[in-house]
1. Quick one: compute a quarter of the convex hull surface over the Cα atoms of the chain and quote it in nm².
2. Would you calculate a helix-derived [θ] at 222 nm for the chain, using -39,500 (n - 2.57) for each DSSP H run of n ≥ 4 and dividing by the full residue count, to the nearest 500?
3. What is the extension gain from Gln44 to Thr75, computed as 0.36 nm multiplied by their sequence separation minus the C-alpha to C-alpha distance, in nm to one decimal?
4. Once the Cα atoms of helix 24-33 and of the chain are each reduced to a long axis, what angle between those two axes, in degrees from 0 to 90 to the nearest 10, is obtained?
5. Can you give the angle from 0 to 90° between the axis of helix 58-81 and the longest principal axis of the chain, with both taken from C-alpha atoms, to the nearest 10?
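Coordinate-derived values only; no laboratory data. Given the structure is predicted, the values throughout are model-derived calculations rather than measurements.
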Amino acid sequence: MNEKIESHKIYTPKEARDFLKISESTMKRMLKGGIIKAYKVSGQYRIWGSEILILVSPKLESKVYKTYSKIRDNTRKTIEKW
């Protein structure tokens, strides 16, 4: 497989798995959980390259950290009130 994902191309779950280096069961969980957006075409999933790139983007990591920090701070404030 070509190691470069192009945002405007469409990939199969297997191609996405190979790029992300994840198992088939992990890919299924990501698809079912909506972590990666995919479209069903004739009963088979197809994934835009841009969706795969979002998963490995530093922007996603920073969003996750901001959300984690907010939850941590709110939890800390709640505990302090006790």
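1. 7.0 nm²
2. Computed mean residue ellipticity for the chain: -18500 deg cm²/dmol.
3. 7.0 nm
4. 60 degrees
5. The answer is roughly 30 degrees.
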